[in-house]
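To start, the structure under review is shown below, and the notes come after it.
The values are calculated or read from the model by the stated rules, or taken from the named source; none is laboratory data. This structure is a prediction, so every number in the text was calculated from the model and none was measured. Don't worry about glycine lacking a Cβ; one is built from the backbone with ideal geometry, like all the others, and counts go over all protein chains shown. The area values use the complete protein model at the heavy-atom level, side chains included, leaving out ligands, DNA and RNA. Shrake-Rupley method; radii C 1.70, N 1.55, O 1.52, S 1.80 Å.
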Amino acid sequence: MLQSQEQINEINRQKEIKELEIQAENDPDTLVVQLPEGREALIGDSADDFVNGYKSATDFIRGRLNHYDGDLNQLANEMGYSGIAPKSDHFDFVLDLSNYGNDLLELINDSYQSELLTDYLR
């Protein structure tokens, strides 16, 4: 029996949800980050198994920078450092990169809408 595209999409969606549930169970600290283009990214120890997943905050920042072909200004704008009042400017972005240092995950949480995968799946 042939399945309609709608049925195939639903099967794929259910499979993806199951994979995300397994990820949440295995790594409850996995973070879901809302990206400006309406997609989500995952950051977690084994999240790089997913299409838009990253093992660490550093990998995520590097991935977003690659998305912008290395344009740090565009990444700064995406993260809310547009320089348009009351937002910080690009220099503040560079300072925050340095100041957050080893806790880039906190910078990501402060710059993007994000939540734990376990909360996202509820």
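Just need a number here: residues in the stretch 1-15 that are open to solvent by 100 Å² or more (accessible area, probe 1.4 Å) and in a helix (DSSP H, G or I).
4
Please find, among G70, G53, G101, the residue that is under 18 Å from E115 (Cα atoms) and either surrounded by 12 or more Cβ atoms within 10 Å (Cβ to Cβ) or not aromatic (F, W, Y) (or both).
After ruling out the rest, the residue left standing is G53.
Residues are listed down the side, and each one gets a yes or a no for (1) part of a loop (DSSP other than H, G, I, E, B); (2) touching a Pro at 6+ places or on another chain (Cβ under 9 Å):
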| position | (1), (2) |
| --- | --- |
| G38 | yes, no |
| A41 | no, no |
| R64 | no, no |
| A76 | no, no |
| D96 | no, no |
| T118 | no, yes |
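Looking only at residues that are open to solvent by 20 Å² or more (accessible area, probe 1.4 Å) and among the acidic types (D, E) in the stretch 18-43, which one is nearest to A76 (Cα to Cα)?
E37
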